[in-house]
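In what follows, a single structure is set out as structure tokens and then discussed.
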Amino acid sequence: MAQFADRDRIILADLAFYGYHGVMLEENKLGQRFRIDLELGLDMSEAARTDEVASTISYADVYDLVKEAFEEKRFKLIEALGHHIIVRLFKRFERLDWIRIKVRKPEAPLPIVAGEAAIEMVRTREQL
């Protein structure tokens, strides 16, 4: 990710969803909360110059697409869920160059007192 450290990005943090993803039977039956953090890499030069929404990506459109992707299919692994969301984002938003996603399960069925289970993935358009 070092190559993206100084690049433009849209950040959507701590998006909350309720879903039925997981390996354990209880997760599929009862569901649980999930949190998703996104960084969407794109050149924002034109949007900065023009102040035109058409020159960037709408945060509301991103949220709607992530919610739809999150709910349309059940996954055993949050790795597969993260990948599915990435694929959907690249297909919908041509301006995207790279995506970083973090999928967190704050209530994962693990014997931990505090903390969460999470995955983080970084993909460029060319990697799909």
Practice prompt. Mind giving me the nanometre distance, one decimal, between the label points for A13 and R33, set 7 Å out from Cα along Cα→Cβ?
Written response: 1.7 nm
Worksheet item: Ratio of Rg to Rh for the stretch 29-89, alpha carbon only, Kirkwood?
Response: 1.08
Worksheet item: Using the Cα atoms as the points, what is the convex hull volume per residue of the chain in Å³?
Response: 114 Å³
Discussion item. Just to verify a number: what accessible area does H84 come out at with the full protein assembly present, 1.4 Å probe, Å² rounded to tens?
Written reply: 40 Å²
Discussion item. Ordering M121, M24, M44 by accessible area with a probe of 1.4 Å, largest first, what comes out?
Written reply: M24, M44, M121
Discussion item. I'd like the orientation of helix 59-71 relative to the chain: the angle between its Cα long axis and the longest Cα principal axis, in ° from 0 to 90, rounded to 10.
Written reply: 30 degrees
Worksheet entry | Range of Cα positions in the stretch 58-128 per principal axis (Å), largest first | 42, 22, 21
Practice prompt. Place the peptides 48-59, 69-80, 90-101 in order of packing, highest mean first, counting for every residue the other Cβ atoms within 10 Å and averaging per peptide.
Written response: 90-101, 69-80, 48-59
Response to the item:
Rounded to the nearest 10 degrees, the helix 78-92 long axis (Cα) sits at an angle to the longest Cα principal axis of the chain of 30 degrees
Fill in: Nearest-10 value in Å² for the accessible area of R88, using the 1.4 Å probe
50 Å²
Worksheet item: Taking a probe of 1.4 Å, how large is the accessible area per residue of the stretch 1-101, in Å²?
Response: 58 Å²
Item to complete: With an 8 Å cut-off on Cα pairs and a minimum separation of 6 or more residues, tell me the relative contact order of the chain in percent.
Response: 26 percent
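The values are calculated or read from the model by the stated rules, or taken from the named source; none is laboratory data. Here the structure is a predicted model, which is why all the values come from computation and not from measurement. A quick note on method: Cβ atoms are made from the backbone with ideal geometry, for glycine too, and the neighbour counts reach across all protein chains shown. Note: areas computed on protein heavy atoms with side chains; ligands, DNA, RNA excluded. Shrake-Rupley method; radii C 1.70, N 1.55, O 1.52, S 1.80 Å.
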